[in-house]
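Here is the structure we will look at.
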Amino acid sequence: MSLRDAISKFKTRKKVPLWITKVTLPPLADEQGDLSEDEVHKLLLMLRSAEPIPVEGLRGGADFAAALLKGWGVQTRHGAAHGWVTRAVLLGDQDTARVLEGKAALLADGQGTSSGLCVKALAVGGHTVSLVRLSHSEQAELHEAASEALAWMAREQGQSLQELVEAHFDWRAELLALTNPKKLPPWLKVQGLDLVGPEGPWDPALVLGLLRAAMGDGLRPYAGPARAAATRESRDRFCLALLERWDEKSFNGRYKWIRGFVELFGGDATALALEAHVVAWPGESETGRKRAIDFLEVFRRIGTDTALLVLLGLRQKVVAPSLIAAAKSELRKAARDRKLGTGALKDQLTPTCGLDRFGGRVFDYGPRHFQLVVDERMHPRLRSDGEALDRLPEPNDDDDPRKAAEARAAWAVLEGTLQEVMEVQAHRLEEDMVLARRWSQKEWTRWVFEHPLMVHFARRLVWARYEGGQVIQSFRATEDLELVDHDDEPVELGQGGHIGLPHPLDLSDAARAAWGEQLADYEVVQPFAQLGRSVFTLRGHSELDHYAKVGFRSGCLRDVLVLAEYEREPGLHRTWYEKTFPNHDLTARVHLSPGVYAGGATYDHKDQKVPSVSFRSGRATKAATEVPPAVLSEVMRDLEEALAAG
């Protein structure tokens, strides 16, 4: 059936909306000539009624559809009641679909219903390419709607989603056809930027298309297949070259699109290079601090274990409280991305560093072998024939040159990373102790006792099996990976309960003394203060009100509490810090008087009092005497540390 026949057979008493008469619509024609005004109006009503429209032979449909879609925005502000207009995409071509795609993205934030109508019309019109692009939107509802539309199209055509996308979305052709009114900055020197795939170097025109997509904030749809088509090493080299050239322009904000490119294409090497910038920027200027916070998301987007370990380790390298808080926030998001708790994420991020089951490693020179040992400060050292060494010696004439070179390269990597990783793990385990984190026996065995790196902490810390919040048995691992109690007798973990790091107040005085004696006998130095931790009590008070009588320097108080994972009051004027102890279902709030304005913390004089510390469980207020002793002690320890700092 021809279009004119369909129009003539279409019966309706409805009239076109008044607003359409205010829109200048270009002519429509077929092989018989231009359609009359009545025929055009009936065609519009067919669109409104969702009637099938035969468009073969239709001329001028793209211009007509574009004008109609523009009029929808001008006359009705994209009102959903007139969303049937989106079906005009059936009259147009791929350019029309691109217009509707743009409207879907524009309307996603605030006019979700109208945006959804655009997506639905694109699906009905079979515009797979537009839907693939929209499915990569960062607008959650738009991403979901476009993904569902693609899945529907795949079912209708009897294909898998992957088959549908591969059949219609040629990412290379799309990139080569991409135009962008913005020109690449001349300093970028594209000729020196290369990507290499399994079959050799990329076509320079394809690289240029990728950069154009990034400049236009439209890189995301191409990122997946483009990443797969380039080696990891070449992607990292490309990102590092971009960052180096941006650095030469002082990371000018006009070129922030490079950040988007790096987060989609960067890998481990990129994350490690970025770490140095993020650590340095806050010390340069306020703009640098804000840039560092902005770039923390890049590590999460890169998403590798190495990139997330950078986030985890930043608190050892930066002092800006806002940066530490932002890094914690990104780690929580990364945990949600992986559908894990933050503690489980940290377990799974811990690298093995190439160590063996006993936490050691042999560096082989052929006739000579050097055994890795971890000293009392958790630093990597070497031992050979009873002699302790700080580093691998130069090879001699009897050594195997190839093995020696491989061993020295491996030691160079390990020496630079192991100590840093140990420091990060020591801090997070200390926080696990403070927050009373618990592992199932299976989790503890996998992520601590049998982990090549974490086994060092199984040996140097005292662990305990808890039931009902009480310590049932305490133990540690020996060098031979046997579990022993404080009397140095072998133990087997009983059934049930959970494993945790006991706070010293969780243990009896006798158990603490016995453990202290055993660790001293074996010259075991703990990686953080556990048994020797300072503990505090109310000392005859009923509340923590005695800190109202002493002064604190707001800068010292901030540094100590933020480093101890307290959250600051949001807003300009800050009058409290809070820390949540989730396993105790408690939140401690340290109140300040008179409070401090953002950016106004000082080290010069004691400008703050702590009139009170309050505790709550849910909405219920708890007296200090009702708070678990370990929680109370830790809050007081933090305040005492802030006092001692100044």
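The values are calculated or read from the model by the stated rules, or taken from the named source; none is laboratory data. Keep in mind it's a predicted model, so treat the numbers as computed, not measured. Cβ: placed from backbone, ideal geometry, glycine included. Neighbour counts: every protein chain shown. SASA here: full protein model, heavy atoms, side chains in, ligands and nucleic acids out. Shrake-Rupley method; radii C 1.70, N 1.55, O 1.52, S 1.80 Å.
Where the only charges are on Cβ atoms (+1 Lys, Arg; -1 Asp, Glu), what is the dipole of segment 145-258 about its Cα centre, to the nearest 20 debye?
Working: 15 positive and 15 negative charges, 121 e Å.
With Lys and Arg at +1 and Asp and Glu at -1, about 580 debye.
Only loop residues by DSSP count here, and only those with at most 10 other Cβ atoms within 10 Å; note down the GluC sites (Glu not before Pro) in segment 492-581 that meet that.
492, 523
Among the trypsin sites (Lys or Arg not before Pro) found in segment 328-392, those both in a DSSP coil and sparsely packed, with 16 or fewer other Cβ atoms within 10 Å of their Cβ, are 338, 339, 357, 377, 391.
Within segment 143-176, report the chymotrypsin sites (Phe, Trp or Tyr not before Pro) that DSSP leaves as loop and that have at most 15 other Cβ atoms within 10 Å.
Values: sites: 152, 169, 171; in loops: 169.
Answer by residue number: there is no such site.
A simple packing score, the average count of other Cβ atoms within 10 Å per residue, orders the peptides 255-268, 393-406, 524-537, 494-507 as 255-268, 494-507, 524-537, 393-406, with the highest score first. For residue 608, the residues whose modelled amide H falls within less than 5 Å of its own, excluding neighbours fewer than 5 places apart on the same chain, are 552, 554. Placing +1 on the Cβ of every Lys and Arg and -1 on the Cβ of every Asp and Glu, with no other charges, gives the chain a dipole of roughly 3320 debye about its Cα centre.
Taking the Cβ of residue 558 as the center, what net charge do the other residues with Cβ under 11 Å away carry, scoring Lys and Arg +1 and Asp and Glu -1? The partial results should precede the final answer.
Working: positive: 553, 568, 574; negative: 559.
Computed value for this residue: +2.
Working from Cα pairs under 8 Å separated by at least six residues, relative contact order for the chain is 6 percent.
With every protein chain left in place, what is the accessible area per residue of segment 129-288 in square angstrom, probe 1.4 Å?
On the way: 8220 Å² over 160 residues.
Normalised by residue count, the accessible surface of segment 129-288 is 51 Å².
The angle between the Cα long axis of helix 94-107 and the main principal axis of the chain comes to about 50°, on a 0 to 90 degree scale. Per-peptide packing, taken as the mean over residues of other Cβ atoms within 10 Å, places 602-610, 615-623 in the sequence 602-610, 615-623 from highest down. Projecting the Cα atoms of 395, 85, 544 onto the dipole axis of the chain, where Lys and Arg carry +1 and Asp and Glu carry -1 at the beta carbon, places 85 farthest toward the positive end.
The portion of the accessible surface of segment 377-465 made up by carbon and sulfur, rounded to a whole percent, is 46 (1.4 Å probe; DNA, RNA and ligands excluded). On segment 502-646, 50 percent of the accessible area sits on carbon and sulfur atoms, based on a 1.4 Å probe. When 70, 579 are compared by accessible area at a 1.4 angstrom probe, the order from most to least is 70, 579. Summary of the geometry: segment 29-53 and segment 516-584, compared by the centres of their Cα atoms, lie 75 Å apart. A straight line joining the Cα centroids of segment 127-199 and segment 312-391 runs 38 Å.
Electrostatic bookkeeping for residue 66 treats Lys and Arg as +1 and Asp and Glu as -1; over the other residues with beta carbon under 13 Å from its beta carbon, the sum is -1. Think of the chain as a dipole: +1 on every Lys or Arg Cβ, -1 on every Asp or Glu Cβ, centred on the Cα centre; then among 496, 168, 309, 168 lies furthest on the positive end. What residues have an amide H closer than 5 Å to that of residue 645, excluding those fewer than 5 places away on the same chain, when H is modeled at 1.01 Å from N in the peptide plane? HN-HN under 5 Å from residue 645: empty list.
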